[in-house]
Each structure stands twice: as C-alpha cells, then as structure tokens.
Amino acid sequence: MFKKNYLVPLAAILPVLLLSGCDMNMVVFDPQGPVAREILDLINWSLVFMLLVVVVVFGLFGYIVWKYRATSKNKDYEPPEEHGSTKLEIIWTFIPILIVIALTIPTIKTIYKLEKVPEGYENKKPITINVTSADWKWIFSYPEQGIETVNYVNIPADTPINFKLTSAGTMQSFWVPALGGQKYTMAKMETQMYLVADHPGEYIGRNTNFNGKGYAGMEFTVEAKSPQAFAKWVKDVKSKAPKLTEKSYINLLKPSNLGRETFSNTHLAWVNHADMNAKIYTFPELYRNHDYPGQIFKDPDNHTNEKTEGKSMDMNNMDMSGKSNGGEHSGH
Amino acid sequence: MSANLNTALPLEYQTEQNRMNILGFWIFLGAEIILFATLFATYSVLSTRFAGGPTQNDLFEIKGVMTETILLLTSSFTCGLAIYEMHRGNKKGLLTWMIITLLLGAGFVGLEINEFITYVHEGATMQTSAFLSSFFVLLGTHGLHVSMGIGWAVMVMIQIVKRGLTPVTARKAFIIGLYWHFLDVVWIFIFTFVYLKGMVS
Amino acid sequence: MGIKWDKFFITGDPLILGSQIAILLTMIGIVALVTYLKKWKWLWREWFTTVDHKRIGIMYILMGVLMFFRGGVDGLLMKAQTATADGKLLDAQHYNEVFTTHGVIMILFMAMPLLIGIMNVIIPLQIGARDVAFPQLNALSFWLTFSGAMLFNISFVIGGSPDAGWTAYFPLAGKEFTPGIGNNFYAVAIQIAGIGTLMTGINFIVTVLKMRVKGMTLMKMPMFTWTSFITSIIIVASFPILTVALALMTFDRIFGTHFFTLGGGGLDMMWVNLFWLWGHPEVYIVVLPAFGMFSEVISTFSRKMLFGYKSMVFSIVGIAFLSMLVWVHHFFTMGAGPAVNSIFSITTMMIAIPTGVKIFNWLFTMRKGRIQFTTAMLWALAFVPCFIIGGTTGVMLAMGAADYQYHNSLFLVAHFHYVLIPGVVFAVFAGLYYWWPKMFGHMLNEKLGKLHFWFFVIGFNMTFLPMFFLGLDGAVRRSYTYSAETGFGPLMLVSAIGAGILAIGFGFLCYNIYWSARYADRNISSDPWDARTLEWATASPAPFYNFAKLPEVKSLDAFWYMKKNNDGLELRENEIKEIHMPSNSGLPIIMAIVFGIAGFFLIFEWKIAALVAALGIIAGLIVRSFDYNDGFHVPVDEIKATEKAWRKVDKEVKDHVS
Ligand code: HEM
Ligand SMILES: [Cu+2]
C-alpha cells in the first residue's frame, strides 16, 4: 500500500511540472546581458552540487527505508545498539565543507564582479540613469540627456548603464530579471548597479519589494535600442515632450498606478531623493483605508511645510479624501 | 521541595526553589542585557541624525548628569551594604540601608525627570529627531526600570517587616539587589556612551 | 480624540460581514453550551487556573491547531485569488491584509504554540520532573501568548488588519504610509505574545538545568530535551531584540517618534536589521524542537538508539550559534557592499554543514533498524526528502550574487515553505501522533492518520514545488494579481489545487481528533510504541504528579534501558511518599486579560485608557509578590490508588498482547 499510494499521484504531477517547467523558458535561465549571464553561471554551478546532494541523499534514503522496513519476515529481528561512527561522522562533516567551499569561491568572485562594469565593457562609457521609485511607479531621469520617463526606460543596447537607485517613499526593489539581479531603492540613500543589454529588445522590470496597494501593478519596460535609435529617441523627446514642473511632479508622487509618461527635463533640478537631507514628499491622508483612522504626525522636513510658512498645518483638515487611486491595474 | 533546607548555604540559597529563582533571574538579566544592547545599538546608529534639531552639545549639561551618576552609584553601594547586613541576619540593618538606597534611587529618578522636562522646554522632544527619539527611549527605559525597582523593593521590604528574614524574603531581597546593581551598570554605559561621548564630540 | 464608532467595526465587505456573524454566533454558541452543560466552574478550576505543565501544553496545542485553521484559511484565500490570471476574489487591500496575517499567525501563533505546547507536555516528563521550574509563570506565558493571538485575530473585524507584510518593513509600516491603526495590531499583539515566549524561554532553561532526575547528565538527555533547551537559549537571546523593535515601532506609530520613519532622520534599514536579527534566529527557534521530535520518532520506530548522539548535540549548538550570525542574508540586495555580502554568504552556507550532519545521522539511525511505518514515522520519513529540497534551495539563496535573482520571488517563498512545513508542521504532526496517547490516554486513528498524511504531503508538494519554477520565471511574492501574458497561469493553478488537497489533509486531522476522542480504545498500554525515553515510564495520560517515584537514569534512552534490564519499573508500596505540588492560580489569566485590554486601548491610540489598564498589570504584579501560597501535598493514599489503577490496566493490556 505504501508504495502504490506514493507512486500514482507522483507520476501524475511530475510530467506536468517538468513540461511546464521546460517550455516556460524561465527568464532567469534566459539571460539577455552579461550581468544576468554571470549570475546564471553561478546558479548553474550551484545546481550541479545541489543536484548531487539531492541524488545522493534521496538514493540513500530510498535504499535504507526499503531495505530495513519492518516486514512479517523480520519480526524477531532485534536492531543492534549503535552509538555512531566517528569515521562516518567525520566524512559527512567534511564533504559538506568541501561543497560549501566550492560554492563560496565563485559566489564571492561574482559578488565583487557585479559591483563593476561588466567584463568586456570597461572601455565603453556608461550612461547614467537615475531611478526613482515612488508609490507605485518608476521614474527614470537621464541627467546627461536631460530627459525623464515614467514606467519605461529606453537604453542603448550593448552599452553599460549605470543605474543610480533611490526612492521617494517606501522601500522598493528594482529588478529586470532578463538583464540582471535586483537591488533595493531607499529614500535618502543611493544604491547603484550596472546593467547591459546585449542586443535590442524589450524586457520587463518590476518592483519585488511589497509596498502597499498598488504594488502588483508596479511594472516597467526596459527597451534596449540600437545606439542610433536611442539617440534619435532622445532628440525626439527633447523637442516634443512636455516639461515637468515641481507642482506636477508632486502630483506624480501621490500614490497611483500610472501609464507611461515622458518629459523633456528632470526632477533632479529641484530634488534628489537620494540626498540625506532631501525634503520628503509624503501624503498620509491619501493612504487612508477601511481601518480605524490613527493619528498622523507632522514630519519636520515635509515639503508641505514650505508653503504654509511656519503656520502649523493640520493634516486632518487637508481634505484630500478623493479616493486613493491605488489598487487598480492601469496597464500601459 | 521547599522542605529541604540546606542550612550550610546563605539564607537565599537554602531551598531548591530559591536556587531556581535566582538562576532564573540571572537568565532574565541576560535577556535584559540584550534588550539594552539593542537600545544602545539603536542609539549609536541614530545619534547623529538631528534632522535640524538640537545636538548632544546643545543639550547636555555635565553637572546634573554627574549628580545623577553619583546618586545611583552610591545607591548601588548602599544596596550592597543592605545585602551584607542581610547575610549577617541583621534585619534592621538591611531595612535601613535599603531605605537609603531607595531614597538615592528616587533622587536619581527625580533629577532625570527634571532633566527631561528641561529638554522638552528647550523644544527637544522625542518627536524632534531620530537622535532624540533614541535618546529618550534609551534613558526612559532605564529610568522606568529604576522606578519599577523602587516600587518592587518597597513591596519586598513590607514583606520583610511582616515576615522577618526567611529564605523566601531573603531571596527576594537578594534578587532586588542583583537588579539594582545591574541597573547601575547600565547607567555607567549610558553615562559613558551617551553623555561623555556626546559632550566630547 | 473622540471615538469614531462608525469606523470601529470593519464594514462593507461581504466576506468580513460573514465572518463577523460567524464569530458572533460561535461565541454565543460556546457560551450557551458551557452554561447548559454547567461547565464554567470546571473550566475555571481545571483549565483556566491550572499550572500543570501538561494541561498548559494541551491548551497551547489547541490554540495552535485553531490558529492553523485561521492561517490556513488566509492561505487558501490567497491561493484562490491567484489561481488564475487577473483573479477577482480579493482586491489588493484585502489580499495584503490576508498575507500579512497569514505570515504572522503561522509563525507566531501556529508554529510557536504548537512547539511550545509539545515542549510543555513532554520536557518535564522526559527529564523526570514534576513540573517546570516556575509553574505559575508558565501559565502566565501561555495566557499572554493566547491574549496576544486573540488581540491579533480580532483585527480583521474590529479596527482593521495589519497590511504591511509579516516583516512590516518601514517606511511602509509607519504612519506616513499606513495611517490606519491596522499595523498597531501588529506592534502590540506580537509584543504581548512575545513577552510570554521570552518567559517560556527562561522557564525552560532553568527547568532543564535544575530539574533533571538523578543520573541524567546533560549528555544523557533525550534529543528533544536538548533541542528544546537550545531553542530556549535562542529565545532568550533573540526575543528581547523583537521586544525592542516592536516597542520602537509602537513609539513611531503611536507617539510620533522617528526611529524608522522617512521624516525626522529615521532609518528604515534599522528596522530591517532589528527584525531579522530576531527573525532569523526565530526560524531556528521553530525548527530545532522539530528536529528533536524527529530524532525521538525516528529512533523509536527504527528500534535503535540515535546514531551519533554527540555529533547531533554539537550540530544543534553549532546551528544555534550560527543562527545569530546570518541575518543579513535576508537583504543581500540592500547594497551593503560586497564584503558584507560575502561574509554573510559564508556564514549562511555554513549552517548547511551541521544540518547535513543531522540528516545523515537520521539516515544512519534507520540503517540496520526495523522501520515501522506508523503515521508518526511517515511524517518523519517524508520530512527527509522535502527538507533536503528546502535546504539545498536555502544554500542557493545563501549565495549572495545568485540571491539577486531569487530574492522576493516565489522561489524564496517556495524555499521557506519547504523548510518550514516539513521542518515544523510535519514534526508537529509526527509529535502529535506519537505523543497523543501520553496526553489523552488514547491513540489517534492510524487509518485516518495515513489519509491525513498522504493528502497533506502530496498537497504540500503540489502547492510549493511549482513556485520554484514560477520564481525563476520572474513571479514575485505578495502580488495579488498577474496578467495572463506572464504565462504564470497553469503553474499557479496547479499550486492552488495543491493547496486544496493540503487543506483536505488538514481536514482529516481534525476529523481524526474528533473520531479518536469519541471512539478510540481507552484500554491501552502506558507504552504503546515500545518507546525509549522517560515520558513513557509513567501512565498515559500521565497523572498530575507525573511520577509516583522519580526514576533513576543509568544510560541514554533511560526507559529502554530500564525495560531491557528490568530495572526500576516496579513500584513498591513503601517507596511512595507524599508529593509536593504547586497550587492553581487565577492570577495568570487575569493578568493576561488585563494585558489584552491595555493592548487593545493602545492599539486604538486611546492612550489614557491604556495607561489606566496598565496600572492593572502592576496591581497584578503586586498581588503576585504578596502571594505566599506554597502549594500542597498529595497524600500517599491518593497516589497509591492512582498508581494501582493504571498499573492494573497496563498489566492486562501487556498480558493480552503477549
Ligand atoms: C540550510 C539551511 C538554510 C539556508 C542556507 C537558508 C537560507 C536562506 C536565505 C539566504 C534566505 C533569504 C533569501 C531571500 O530573502 O532572498 C532565506 C529565507 C528564509 N528562510 Fe531559510 N535557509 C535555511 C534554512 C531555513 C530553515 C530551517 C527555515 C525555517 C524553519 C528557514 C526559513 C526561512 C524563511 C521564513 C525565509 C524568508 C522570510 C521572508 O522573507 O519572509 N530557512 N533562507
Ligand atoms: Cu534567515
């Protein structure tokens, strides 16, 4: 009974899993740039060892459980008293140590490598893009080009991009799995990461760190273009896109899921959220929910303090009750 | 269990239950050490984040802090004397030194409250900045511990008056003593890492 | 600040309205039933005021099973919502609340109470003690945990659920981004339960150090006692950090301080560090006792002593030590710099070494044994391969650079479910089937147990195995929906169906408990499994004084040794002496209620009311300080009668078998 019960459902599930697993072409296993490829190499290396562990232990487990199972035939068998075996115990301490060493060395190498411009691109001048995450959208500023986009980022293919990451509010995580790993974006802090796209194409990026109602919709696209197409796009944006003002920027920061937007200047002119002493832009009233309302405290360094010039400002009177617009998926 | 008295040991160690209580209290103090260590770590990380508010140099005054320190250190000494008297079986000595200890402790708490009130009047509240939040919570936690200790010691003293020195009351007094010395040690750290360091930098 | 009654109850959602009605009806039903059966006095005397470690343990277990149900419903709701692309069952807000409460309840109010419950029942028996070191404190621990759990659970009908995840990262969890009181429930309810847990830790350290019977040296302790002892040490070392973190969160949210906030110089990373400084040890707090239970079960049902006892002990101590040094692996992606990430990658991977030692020791315990496939043993067997998957993926996550791709994806979710469910839930099930006769004097039905087992294990694998693949394909955790283009649909559906199967398995457990309570045979031996450790050397269920005569330990697996050498099993009349036991006390439950009330006011930010209630806590402490009740003595005749009764049954059963 033991055997039969086990095998039937297993036989049913495994092919489903394997099939769907394989033809999904999982994005982590399909890297589109040197950074993601570097990580994949490390993953594959670890998979070899982990598979080895799984096979050995599963095999040993199956063998022992089968061989020493209680049957009617061995009813009178009295197992020996066995305290252990120093030799064996040393062996299975040392083999894991060796495996850990084998995994540690490439891990550390890769960790250090990922901090630098990817190999082979050292001579190309990186483009800097400031990424600012807000609830629940991604803002990309191109300080060198003087343009800004929301929820999509165009980059030249085959060029290292120096992403400088920060957040206007909650902590988020910037992840483009096809191109590389992720990193947190935090207010008043700057994190940094290099990514390169091998060739033109469109890749999905998103926030992975939960940050409230609109989290599920916090996606963006990375469009890698040929350098010429990129230059042309920049030129177009500079001449055609509207200008962002501080006021419209504050509106942009209010919690919402947005589509794509493009501007011909950047918000870095008035605020860089990565700055330790940057003003903060929070709108607690807009996050009200169905729960019992709690007291909201004034932030000493909130941008709203400026306009009211010293007058104390009662957030509760600031009627912004217009329903918070989070939650819905407002695709792009 | 309680019937087995081992009279070769000091009064507070004579029963098994007493020995367990004292060991338990030591472990509790271990937990307290971690609690205060966490608060210290928080303070040391946040102690330079003034958010435009006052700094250590703007606030701290050595005189008051010195007095607080002397009061608490002395109380630790008198507390030791109290336990010494207890071991000599001198109930009156124990109570007298205990009362002195608590008076010194109360003086400390009074001065600390006074210090806090001064800061608040200067506009330095715990909502002002991360530095002040961590300052008030670290010191407030210590101050609260001292106050609770005073209340607790009064309870124990009432019991000693009512019941005399028995293994149980002796154990309670002994544990209070441990607690009191512990709070003293914590204060030494506060004095060094919060006040002295704050005023030097 | 006036009370906003219109906001007091959560309204406007049919699901919640349904629950509110159901809760109300259930409560009325329970009160009516107890009144009708005239059981209030009995409840108060035998359970609410008890200080008996076995009863406290049983109450913990009952609470854990109930919370498993609540957390499980949360889980099923999530799985139902994400079973298909663009699911419409829950909206974002509701989903966020559900996964937050799911996480908190499963770790703190399901896993912890079940483990601590079993520890409570078994540890004093295993070390031959009459109770724990501080029985009243033990009762207080339980009632505080219970009080915290109840407070947390009412949040979804009164006041609003927390919705910032069980990790409650700032600034999201601060007032700037979650201005409602929902997250106050998180800060305060967990605090109350956490204090209870800390007390339990202290209690068990002293119990194990001071109350072992004659002859039981540290290296003769059963493995479950060892793991529980080390767990208690981790509790004492790490729970104060949680206490502080939650207190600072409470200050930020209710008193406007700036520890972790965006404004005022607060530092959100500080919360993340404090949380995981507690959080990682916490995962080992729950898994170590579970390891101990597996050790007992595997050794009993292989009919062999544990292989490599010494290296088992060293590896738990090693795990406990390392568990304090790895917390940064939860945020490799914070950009702390390559040196930090490298160091923490190494420390994390090192945990796999002692863990591997344990796995091989278990395997070699079974080798040359005679393995009986009881339900308890099946859980222990299923644990090995499942936990291997969890552990190997853990090592993959531990490789900092690779983690950049796994972090916060469903791959991570799969990992921790593959360690927590086999590591904790399977263990608790194994422990329950194994020790049920010790607690209640009857067995759980083995047939129903096997149904429970197969549904649960298959459902579990089906739910979480697909998540590895989904994660590698870019599916993230905590997302309430996904679009059809992502292609996640089919595997998500498999996973949701798996969750349904798993739930059926849990249903079988509940039915099994009911069925066995009604119909199972009461005439069983006190040692139905032919087990090895001291808890089986007394009656099942154990009498309230545990042992009429304390046994003397001569070797590891003391009871096995006693049986083999027929040494110390008989009880002679003249050996029976009066036994001193602690008296019941109503103070713990009353204090916990006061704690709950104070917590409730604090959550609603009614500060003065909270302060007044807090004075009640102090009053309780004062009452306790003046309490000189020293317990009572069980007369010899009563012990004689009790012992005669069970030994007679025992003899009959044994003669019958042979
Ligand atoms: C071989 C041993 C293990 C290793 C190397 C390991 C490694 C890791 C790593 C590196 C992470 C963080 C991944 C990330 O956030 O990206 C993680 C997460 C986690 N692990 Fe493990 N782990 C091990 C065993 C365990 C055990 C035994 C448990 C619990 C019983 C556990 C429970 C968890 C939980 C709950 C999380 C995620 C918490 C969250 O983010 O909500 N792990 N593990
Ligand atoms: Cu961890």
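The values are calculated or read from the model by the stated rules, or taken from the named source; none is laboratory data. Since the structure is predicted, the reported quantities are computational estimates derived from the model, not experimental observations. Every residue, glycine among them, receives a Cβ derived from its backbone with ideal geometry; neighbour counts consider all protein chains shown. Ligands, DNA and RNA are stripped out before the accessible areas are found, and what is left, the full protein with its side chains, is counted by its heavy atoms. Shrake-Rupley method; radii C 1.70, N 1.55, O 1.52, S 1.80 Å.
Whether any residue in region C:282-296 is within 16 Å of ligand 2 (Cβ to nearest atom) and among the charged types (D, E, K, R) is what I want to check. Among the residues of region C:282-296, at least one is within 16 Å of ligand 2 (Cβ to nearest atom) and among the charged types (D, E, K, R), which makes the answer yes. Check whether at least one residue in region C:273-280 is small (G, A, S), open to solvent by less than 10 Å² (accessible area, probe 1.4 Å) and within 16 Å of ligand 2 (Cβ to nearest atom), and report yes or no. Checked region C:273-280: at least one residue is small (G, A, S), open to solvent by less than 10 Å² (accessible area, probe 1.4 Å) and within 16 Å of ligand 2 (Cβ to nearest atom).
Right, C:L412: away from ligand 1 (no atom under 14 Å from the Cβ) and either closer than 30 Å to C:S525 by Cβ or touching a residue at least 24 places away in the same chain (Cβ under 8 Å) (or both) or not? Here the answer is no, as C:L412 does not meet what is asked. Among the polar types (S, T, N, Q), in a strand (DSSP E or B), surrounded by fewer than 18 Cβ atoms within 10 Å (Cβ to Cβ) and at pLDDT 95 or above - does that describe any residue in region A:137-159? The answer is no; no qualifying residue exists.
Listed here are the residues, each with its yes/no results for (1) assigned to a helix (DSSP H, G or I); (2) touching a Lys or Arg at 6+ places or on another chain (Cβ under 6 Å).
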{"residue": "C:F109", "(1), (2)": "yes, no"}
{"residue": "C:M112", "(1), (2)": "yes, no"}
{"residue": "C:L115", "(1), (2)": "yes, no"}
{"residue": "C:V121", "(1), (2)": "yes, yes"}
{"residue": "C:A129", "(1), (2)": "no, no"}
{"residue": "C:N138", "(1), (2)": "yes, no"}
{"residue": "C:F146", "(1), (2)": "yes, no"}
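C:G180 satisfies every condition listed in (1) free of Cβ contacts under 8 Å to residues at least 40 places away in the same chain; (2) open to solvent by less than 10 Å² (accessible area, probe 1.4 Å); (3) under 21 Å from C:A614 (Cβ atoms) except (3). Checking each residue in region A:90-114 for being open to solvent by 30 Å² or more (accessible area, probe 1.4 Å) and without any contact (Cβ under 8 Å) to a residue 24 or more places away in the chain picks out A:I90, A:I91, A:T93, A:F94, A:I95, A:I97, A:L98, A:I101, A:I105, A:I108, A:K109, A:Y112. Among the conditions (1) more than 8 Å from every other protein chain (Cβ to nearest Cβ); (2) farther than 22 Å from A:H273 by Cα; (3) touching a residue at least 40 places away in the same chain (Cβ under 8 Å); (4) outside any strand (DSSP E or B), A:T71 misses just one, which is (3). Evaluating C:F255 against the criteria (1) more than 14 Å from chain A (Cβ to nearest Cβ); (2) of a type in the set (F, W, Y); (3) under 30 Å from A:N277 (Cβ atoms) leaves one unmet condition, (1).
Against the condition over 30 Å from A:T304 (Cβ atoms) and β-branched (V, I, T), how does C:T257 come out, does it pass? Criteria not met by C:T257. Of all residue pairs spaced 6 or more apart or on separate chains, those with beta-carbon atoms under 6 Å, a first member in region A:41-57 that is over 18 Å from C:H415 (Cα atoms) and a second member that is surrounded by fewer than 19 Cβ atoms within 10 Å (Cβ to Cβ) are A:L42/A:P106; A:W45/A:P106. Cβ-Cβ contacts under 6 Å between residues 6 or more apart (or on different chains), taken from a first residue in region C:391-402 that is more than 7 Å from chain A (Cβ to nearest Cβ) and within 14 Å of ligand 2 (Cβ to nearest atom) to a second residue that is aliphatic (A, V, I, L, M) and assigned to a helix (DSSP H, G or I), are listed as C:A398/C:M349. Considering the conditions (1) more than 16 Å from ligand 2 (Cβ to nearest atom); (2) open to solvent by 10 Å² or more (accessible area, probe 1.4 Å); (3) more than 9 Å from every other protein chain (Cβ to nearest Cβ); (4) hydrophobic (A, V, I, L, M, F, W, C), C:L198 is excluded by exactly one of them, (3). Counted as qualifying within region C:544-658 are the helices (runs of 4 or more DSSP H) with 1 or more residues that are aromatic (F, W, Y), namely C:558-565, C:587-603, C:636-657.
When you check C:P171 against the structure, is it more than 8 Å from chain A (Cβ to nearest Cβ), buried (at least 24 other Cβ atoms within 10 Å of the Cβ) and more than 28 Å from C:L534 (Cβ to Cβ), yes or no? Answer is no for this residue. Count of region C:78-100 residues, restricted to those that are assigned to a helix (DSSP H, G or I) and surrounded by 19 or more Cβ atoms within 10 Å (Cβ to Cβ), is 12. Restricting region C:245-272 to residues that are away from ligand 1 (no atom under 14 Å from the Cβ) and among the β-branched types (V, I, T) leaves a set whose member that is surrounded by the fewest Cβ atoms within 10 Å (Cβ to Cβ) is C:T250.
Against the definition (modelled with pLDDT of 95 or more, more than 8 Å from every other protein chain (Cβ to nearest Cβ), more than 22 Å from the chain's Cα centre (by Cα) and open to solvent by 10 Å² or more (accessible area, probe 1.4 Å)), how does C:L420 come out, yes or no? In short, no. Starting from region C:329-342, take each residue that is more than 9 Å from chain A (Cβ to nearest Cβ) and list its partners that are within 16 Å of ligand 2 (Cβ to nearest atom) and among the β-branched types (V, I, T), counting only C-beta distances under 6 angstrom and pairs at least six apart or across chains. From residues that are more than 9 Å from chain A (Cβ to nearest Cβ), the pairs are C:H329/C:T348. Please work out which residue is nearest to ligand 2 (Cβ to nearest atom), limiting yourself to region C:306-328 and to residues that are at the interface with chain A (Cβ under 8 Å from one of its Cβ atoms) and open to solvent by 10 Å² or more (accessible area, probe 1.4 Å). By that ranking, first place goes to C:S311. The set of residues in region C:295-331 being under 21 Å from A:S85 (Cβ atoms) and within 15 Å of ligand 1 (Cβ to nearest atom) consists of C:S315, C:I316, C:G318.
When residues in region C:465-481 are screened for being open to solvent by 20 Å² or more (accessible area, probe 1.4 Å) and more than 16 Å from ligand 2 (Cβ to nearest atom), 5 of them pass. Is region C:431-452 home to any residue that is open to solvent by 10 Å² or more (accessible area, probe 1.4 Å), more than 16 Å from ligand 1 (Cβ to nearest atom) and without any contact (Cβ under 8 Å) to a residue 12 or more places away in the chain? Looking through region C:431-452, at least one residue is open to solvent by 10 Å² or more (accessible area, probe 1.4 Å), more than 16 Å from ligand 1 (Cβ to nearest atom) and without any contact (Cβ under 8 Å) to a residue 12 or more places away in the chain.
Only one entry of C:A382, C:A376 meets the criterion of being touching a Pro at 6+ places or on another chain (Cβ under 9 Å) and either among the hydroxyl-bearing types (S, T, Y) or more than 9 Å from every other protein chain (Cβ to nearest Cβ) (or both), and that entry is C:A382.
Among the residues of region A:234-249, those that are crowded, with 16+ Cβ neighbours inside 10 Å and in contact with a strand residue (DSSP E or B) (Cβ under 7 Å, 6 or more places away or on another chain) comprise A:V234, A:V237, A:A241, A:L244. Elements of the type helices (runs of 4 or more DSSP H) sitting completely within region B:1-116 and holding at least 3 residues that are surrounded by fewer than 17 Cβ atoms within 10 Å (Cβ to Cβ): these cover B:16-46, B:62-87.
Scanning region C:339-357 for residues that are open to solvent by 30 Å² or more (accessible area, probe 1.4 Å) and more than 16 Å from ligand 2 (Cβ to nearest atom) gives a single hit, C:A339.
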